[in-house]
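I have placed the structure first, in the form of structure tokens, so that the comments after it can refer back to it.
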Amino acid sequence: CMIMKKWIAAFAAVCMTVVALTSCDIGLRHKNYEDNVTSSEYFEFTLIGEEYEISMKADAVLPETVYLPTTYEGKPVTAIGEEGFAFAAGLKTVTVPESYKKIGMAAFQGAPDLKKADVLGDGLTEVGAFAFQDCVKLSEYVFNKSLKTVGQFAFANTAIYKFAPAGVVSIGKYAFYNCSSLKTVVIPASLTELGEKAFGNCVFTSVSVD
């Protein structure tokens, strides 16, 4: 009985240590991201309910690399607003943290220098219509596992080379139209809606349909 009690106590101690280390790791990763967040002087925030949408200020000249903030005035930032960063010259890389649920309509439309959009975690569920349309240099985009909706023309006329979402449900019309660099496409079993000419004027080398 005494041996059993010691074994249980030892096991509980190990579990507590694992939980503590995991919590520290999560906290550390969060802190590391926050240490890189771009100054709020470049942005404006719109409160919708208890959450904020973010956009760039009209007269802002963004740095080449932008780490979007996760909070503002104590409330979470969860979306990029409609036309929030449209035609933003000079912006080359944007990192979207895991607190974000939506990239709004035309959010980065026509941004001439944008090459990479790094979506962290699995919070994002929607990429709105025209979100990255005519971002002609955009070649790197992380399609996170929780993405459900890709709006019409969302990635049209970009340099995206791979589309392999895990659980997307809807792909709007012309979503990847004229993506001449798009070579690899994976269509998951979750897809229920594929819009007209969603992949029009593309030439694939690999297509997989689940």
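The values are calculated or read from the model by the stated rules, or taken from the named source; none is laboratory data. For clarity, every value in this text was computed on a predicted model and none was experimentally measured. Cβ coordinates were reconstructed from backbone atoms using ideal geometry, including for glycine residues, and neighbour counts include every protein chain displayed. For accessibility, only protein heavy atoms count, side chains too; no ligands or nucleic acids. Shrake-Rupley method; radii C 1.70, N 1.55, O 1.52, S 1.80 Å.
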Answer residue from segment 143-153, given it is free of Cβ contacts under 8 Å to residues at least 40 places away in the same chain, part of a loop (DSSP other than H, G, I, E, B) and buried (at least 16 other Cβ atoms within 10 Å of the Cβ) and is farthest from the chain's Cα centre (by Cα) among those: F153
Residue count, segment 47-64 (criterion: surrounded by fewer than 20 Cβ atoms within 10 Å (Cβ to Cβ) and either of a type in the set (A, V, I, L, M) or assigned to a loop (DSSP other than H, G, I, E, B) (or both)): 11
Residue check for V168: hydrophobic (A, V, I, L, M, F, W, C), closer than 22 Å to A79 by Cβ, touching a residue at least 24 places away in the same chain (Cβ under 8 Å) and not in a strand (DSSP E or B): yes
Single condition A106 does not satisfy, out of (1) modelled with pLDDT of 95 or more; (2) on the phi > 0 side of the Ramachandran plot; (3) surrounded by fewer than 17 Cβ atoms within 10 Å (Cβ to Cβ); (4) not polar (S, T, N, Q): (3)
Test: residue in segment 130-142 that is within 21 Å of V96 (Cβ to Cβ), part of a loop (DSSP other than H, G, I, E, B) and modelled with pLDDT under 95: yes
A156, sole failed condition from (1) open to solvent by 40 Å² or more (accessible area, probe 1.4 Å); (2) modelled with pLDDT of 95 or more: (1)
Exclusive hit being open to solvent by 40 Å² or more (accessible area, probe 1.4 Å) and not in a loop (DSSP other than H, G, I, E, B), set P112, P76: P76
Any hit, segment 103-123, residues being more than 24 Å from T46 (Cα to Cα) and among the β-branched types (V, I, T): no
L114 being free of Cβ contacts under 8 Å to residues at least 40 places away in the same chain and farther than 20 Å from E83 by Cα: no
Pairs with Cβ under 8 Å, 6+ apart, first in segment 55-71 and closer than 12 Å to S40 by Cα and free of Cβ contacts under 8 Å to residues at least 60 places away in the same chain, second among the acidic types (D, E) and open to solvent by less than 70 Å² (accessible area, probe 1.4 Å): T70/E34
Residues of segment 185-210 satisfying the condition of being under 21 Å from K137 (Cβ atoms), open to solvent by less than 40 Å² (accessible area, probe 1.4 Å) and touching a Ser or Thr at 6+ places or on another chain (Cβ under 8 Å): V185, C202
Residue check, T95 in contact with a Ser or Thr (Cβ under 7 Å, 6 or more places away or on another chain), part of a strand (DSSP E or B) and at pLDDT 95 or above: no
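Hey, does segment 122-129 have a residue that's open to solvent by less than 40 Å² (accessible area, probe 1.4 Å), out of contact with any Gly (no Cβ under 9 Å at 6 or more places or on another chain) and more than 23 Å from L194 (Cα to Cα)?
For segment 122-129, residues open to solvent by less than 40 Å² (accessible area, probe 1.4 Å), out of contact with any Gly (no Cβ under 9 Å at 6 or more places or on another chain) and more than 23 Å from L194 (Cα to Cα): absent.
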Filter pass, T38 being farther than 22 Å from D134 by Cβ and modelled with pLDDT of 95 or more: yes
